[in-house]
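**Q** Here you go, one structure.
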Amino acid sequence: MPHTCPGELCAALRRARVVLCDLFRTLASVEDANPPGAPTPAQTLGLQVEPLASAWAAAWQATTDDRVLGRIATAYDVLAIPARLAAPHLPEAVIAAAVATRQQRFDNALMRVRPEVLTALAALRRGGWRLGLVSNADYMDIHAWGRSPLRDCFDVAAFSCEVGVAKPDAGLYLAACNALGVSPEACLYVGDGGNDELRAAAALGMTPVQLTGILTRYFPELVEAQRAGVRLRIATLGELAACVASGARPPA
């Protein structure tokens, strides 16, 4: 599917009062922010060989809801709890080292944001749109949010671990809308499409836009798989900023 023509994209932006964005694989990613070939948690924990590899994968999957919904309430325990489930006798020093390694990768993702992303977000705010962030994230993922250059770009940030509900559940989107004082119909939603987020945004009456840049670089097989019937597609956030430069403004 080709990317959306500028006229159609700009028309959609002009109909919106608010732009809501996903975070990881949309605005930032561990792949962009870290050198390639970094060890996986399984490798740093020494759980990469069967049967320990399967035990680790099962433990990580089993704790997904607890992590993303904030029931695991510290960044350290996000990794430490599944590690102990997979291998109860792992030395504490090994767990601590694995936590530190993974934490640094996610901190880098929030700190080393591509300049063109920040420029585009700034252009949207100058153009008159309010900006909200809607992200499925655990406490390790957002550990560095307070120091991230992205933080000051947004009027509102709704993280699943803080709100207690995760996409595609409507509650996370509505938390951002309520904080901004707008209806879902007033929102343009931008995301890579993970967690069925674009379909869910459309069901609420938002205008969904798939942003493909990070997926194309690192996960090209997901571009079509995560499109979920969405009509509007862009490669970079700069395409929305170009609409602002051409004179697009939100409704009066």
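Coordinate-derived values only; no laboratory data. Worth saying up front: this structure is predicted, and the values here are computed from it rather than measured. Neighbour counts are summed over all protein chains in view; Cβ atoms, including those assigned to glycine, are modelled from backbone coordinates with ideal geometry.
**Q** Out of all DSSP beta bridges in the chain, what portion is antiparallel? Express it as a percent rounded to 5. Present the calculation step by step, with values, prior to reporting the outcome.
**A** Values: 0 of 20 bridges.
If I count the DSSP bridges inside the chain, around 0 percent turn out antiparallel.
**Q** Amide H neighbours of residue 157 under 5 Å, at least 5 residues apart or on other chains, H built in the peptide plane: list them.
**A** 133
**Q** Okay, next question. Can you work out ³J(HN,Hα) from phi for every residue in the range 16-31, in order, using Karplus 6.51 cos²θ - 1.76 cosθ + 1.60 and θ = phi - 60°, giving whole Hz and x for Gly and Pro?
**A** Running phi through 6.51 cos²θ - 1.76 cosθ + 1.60 with θ = phi - 60° gives 9, 9, 9, 10, 9, 10, 6, 10, 6, 6, 10, 9, 8, 7, 5, 5 Hz.
**Q** Over the chain, what is the relative contact order in percent, taking alpha-carbon pairs closer than 8 angstrom and at least six residues apart? Walk me through the intermediate numbers first.
**A** On the way: 437 pairs, mean separation 73.1, N = 252.
So the answer I get is 29 percent.
**Q** Helix-derived [θ] at 222 nm for the chain: sum -39500 (n - 2.57) over DSSP H runs of at least 4, divide by residue count, nearest 500? If you can, show how the numbers build up before the last one.
**A** Working: 14 runs with 120 residues, N = 252.
That comes out to -13000 deg cm²/dmol.
**Q** Hey, could you get me the Stokes-Einstein D for the range 152-250, Kirkwood radius over alpha-carbon pairs, 4 °C and 1.567 mPa s, rounded to whole µm² s⁻¹?
**A** The estimated diffusion coefficient comes to 90 µm²/s.
**Q** Moving to a separate point now. Report, please, the projected area of the range 41-110 averaged over directions, based on the convex hull of its C-alpha atoms, in nm².
**A** If you wrap the Cα atoms of the range 41-110 in a convex hull and average its projections, you get 4.5 nm².
**Q** Any chance you could give the angle, 0 to 90 degrees and rounded to 10, that helix 75-86 forms with the longest Cα principal axis of the chain?
**A** Once rounded, the angle reads 50 degrees.
**Q** Could you tell me how many degrees, from 0 to 90 and to the nearest 10, lie between the Cα long axis of helix 170-180 and the main elongation axis, the longest principal axis, of the Cα atoms of the chain?
**A** 60
**Q** From zero up to wherever the largest Cα-Cα distance of the chain sits, split into 10 Å bins and tell me the percent of pairs in each.
**A** Taking every Cα pair in the chain, the percentages come to 7, 30, 35, 18, 8, 2, 0.
**Q** Using a Förster distance of 41 Å, how high is the FRET efficiency between residue 14 and residue 57, based on the Cβ-Cβ distance and rounded to 0.05? Walk me through the numbers on the way to the answer.
**A** Numbers: r = 46 Å, r/R0 = 1.12.
Efficiency, from the Cβ-Cβ distance: 0.35.
**Q** Output the relative contact order of the range 41-110, whole-number percent, from Cα pairs under 8 angstrom with separation of 6+ residues. Write down the numbers at each step before the final one.
**A** Details: 47 pairs, mean separation 25.4, N = 70.
With pairs under 8 Å counted, the relative contact order is 36 percent.
**Q** Cα centroid distance between the range 192-210 and the range 17-94, in Å?
**A** That distance is 25 Å.
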